[in-house]
Amino acid sequence: MIPAELSSRHRSSWQAELAAAITDPAELLAALALDPALLPAARSAAAGFRLRVPWSYVRRMRRGDLHDPLLRQVLPVGAELAEVPGFVADPLGERAANRVPGLLHKYRGRALLVTTGACAVHCRYCFRREFPYAEQVSGEGRWDAAIAAIAADRSIEEVILSGGDPLVLSNARLGALTAQLVTIGHVRRVRVHTRTPVVLPSRVDDGLVQWLASLRRPVVVVHVNHAQEIDAELAAAFARLRAAGATVLNQSVLLAGVNDSAGALVALSTALHDAGVLPYYLHLLDRVRGAAHFDVPAERARALMRDIGARLPGYLVPRLVREEAGAPGKTPVL
Ligand SMILES: *Cc1c(COP(=O)(O)O)cnc(C)c1O
Ligand code: SF4
């Protein structure tokens with residue numbers, strides 16, 4: 001763990017913490033006492049998709065351990081530069097599903113609003129590492145067309161705020177966005193897909209709690225991949241989300257070298273439940289260029305599911321799914 005004094009200066013408001021996030025691979029390696037020889041590869045990989053990790057998350061990593069499951073999710077490595085057949089820039093065909101700028105309406109009843117291109121952390125395995133955000137989210141009034149499309153389509157019962165990560169927006173921006181949404185009668189639920197509380201628990205401040213409480217049946221889907229991510233500070237942030245009236249669920253990605261063992265998955269579900277969060281999905285990796293070294297074959301994933309299914313109560317077993325271009329929903333992997 002990183003000594004608290006090393007980073008106490010970053011502990012004011014969440015915006016200041018976010019601005020102080022580590023973006024230089026040399027700083028991350030030094031903070032964790034890792035071999036500087038890793039730097040050239042880290043810099044090359046970061047040139048394509050930049051390093052970004054808040055100190056709060058770094059403090060939960062073990063010093064001197066290159067195989068730390070949290071570090072592996074964020075450290076740029078040379079393996080990202082390998083061209084691997086089958087790993088492509090747009091594995092989900094999102095460019096095609098995207099007729100109204102900023103709105104992805106692929107599944108019945110649910111529409112996903114791309115609220116921002118930014119994230120509080122850059123996860124090396126993310127399919128969005130190649131997604132052309134700049135085209136999505138430019139200019140003033142950028143959500144108007146998407147909101148108008150939602151208002152015009154009575155089949156949309158649920159609006160999912162996604163991105164990027166919606167919780168990098170200020171509470172004021174979020175309020176302005178949902179002030180329009182709550183006037184649309186057929187939208188019964190608002191869901192937020194976010195990893196920000198996980199890497200920056202201070203993001204769940206009083207203003208955010210008030211905003212969530214103002215939404216219709218709020219659902220927050222967070223993204224934790226390993227039990228070591230859940231410390232007391234994060235558990236307290238989850239408790240604040242629940243106190244706002246939100247249903248809090250978790251989605252994870254099955255990642256080689258991070259959580260691809262039955263022990264890690266059982267520990268994750270157990271730690272989530274201890275923190276008041278239920279597992280929702282366990283995703284097979286999207287086959288995006290640069291992430292092949294995280295891939296866990298479907299056969300191995302099924303074996304893991306059988307194993308954890310025999311060790312956990314049913315409600316702590318996430319659904320194993322993959323995303324397929326053109327499918328009517330997440331595809332269960334049985
Ligand atoms: C994942 C996703 C949803 C939500 O799917 P659920 O199965 O309801 O969680 C909705 N729209 C898009 C485009 C998605 O990728
Ligand atoms: S969209 Fe989610 S998984 Fe991808 S980089 Fe942002 S926080 Fe990480």
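The values are calculated or read from the model by the stated rules, or taken from the named source; none is laboratory data. The structure displayed is predicted, hence computed values, not measured ones. FYI the Cβ positions are ideal-geometry reconstructions off the backbone, even for glycines, and counts take in every protein chain you see. Only protein heavy atoms, including side chains, enter the accessible area calculation; ligands, DNA and RNA are left aside. Shrake-Rupley method; radii C 1.70, N 1.55, O 1.52, S 1.80 Å.
From the list S44, S13, pick out the single residue that is more than 16 Å from ligand 2 (Cβ to nearest atom), surrounded by fewer than 16 Cβ atoms within 10 Å (Cβ to Cβ) and within 30 Å of R191 (Cβ to Cβ).
On the way: S44 fails: within 30 Å of R191 (Cβ to Cβ).
None of the other options fit; the residue is S13.
Check A256, A232 and return the single one that is modelled with pLDDT of 95 or more and in contact with a Leu (Cβ under 9 Å, 6 or more places away or on another chain). Write out each step before concluding.
Working: A232 fails: in contact with a Leu (Cβ under 9 Å, 6 or more places away or on another chain).
The unique qualifying residue is A256.
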* Any residue at all in the range 113-136 that is in contact with an Asp or Glu (Cβ under 8 Å, 6 or more places away or on another chain), at pLDDT below 90 and away from ligand 2 (no atom under 16 Å from the Cβ)? -> no
* Could you check, for the range 201-215, whether at least one of its residues is open to solvent by 40 Å² or more (accessible area, probe 1.4 Å) and in contact (Cβ under 8 Å) with a residue 40 or more places away in the chain? => yes
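Anything in the range 17-35 that is assigned to a helix (DSSP H, G or I) and in contact (Cβ under 8 Å) with a residue 60 or more places away in the chain? List them, or say none. Outline the logic, then answer.
Going through the range 17-35, the residues assigned to a helix (DSSP H, G or I) turn out to be 17-19, 25-31.
Correct list: E17, L18.
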* **Residue check for L285: under 30 Å from A82 (Cβ atoms) and modelled with pLDDT of 95 or more** => yes
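Got a sec? Which helices (runs of 4 or more DSSP H) wholly within the range 228-334 have at least 3 residues that are within 18 Å of the chain's Cα centre (by Cα) and not basic (K, R)?
Details: elements: 232-243, 262-274, 298-309.
Helices (runs of 4 or more DSSP H) meeting the threshold: 232-243, 262-274.
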* Would a scan of the range 305-323 turn up a residue that is open to solvent by 50 Å² or more (accessible area, probe 1.4 Å), within 15 Å of ligand 1 (Cβ to nearest atom), out of contact with any Gly (no Cβ under 8 Å at 6 or more places or on another chain) and within 27 Å of L75 (Cβ to Cβ)? -> yes
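What do you reckon, is V258 touching a residue at least 24 places away in the same chain (Cβ under 8 Å), closer than 30 Å to A179 by Cβ and surrounded by 14 or more Cβ atoms within 10 Å (Cβ to Cβ)?
In short, no.
Residues to consider are V168, V192, V222; find the one that is open to solvent by 10 Å² or more (accessible area, probe 1.4 Å), of a type in the set (A, V, I, L, M, F, W, C), within 16 Å of ligand 2 (Cβ to nearest atom) and under 13 Å from the mean Cα position of the chain (by Cα). Explain how you work it out, then say what you get.
Details: V192 fails: open to solvent by 10 Å² or more (accessible area, probe 1.4 Å); V222 fails: open to solvent by 10 Å² or more (accessible area, probe 1.4 Å).
Matching residue, one of V168, V192, V222: V168.
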* Asked: How about the range 102-131: which of its residues are of a type in the set (S, T, Y) and closer than 18 Å to H186 by Cβ?
  -> Y107
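Based on this model, can you work out whether H186 counts as at pLDDT 95 or above and within 16 Å of ligand 1 (Cβ to nearest atom)? Even if it seems obvious, please write down each step before you answer.
Values: at pLDDT 95 or above: yes; within 16 Å of ligand 1 (Cβ to nearest atom): no.
Taking the combined requirement at face value, the residue does not satisfy it.
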* Asked: Could you list, in sequence order, the residues of the range 106-124 that are open to solvent by less than 10 Å² (accessible area, probe 1.4 Å), β-branched (V, I, T) and either near ligand 1 (Cβ under 8 Å from one of its atoms) or within 21 Å of V219 (Cα to Cα) (or both)?
  -> V114, T115
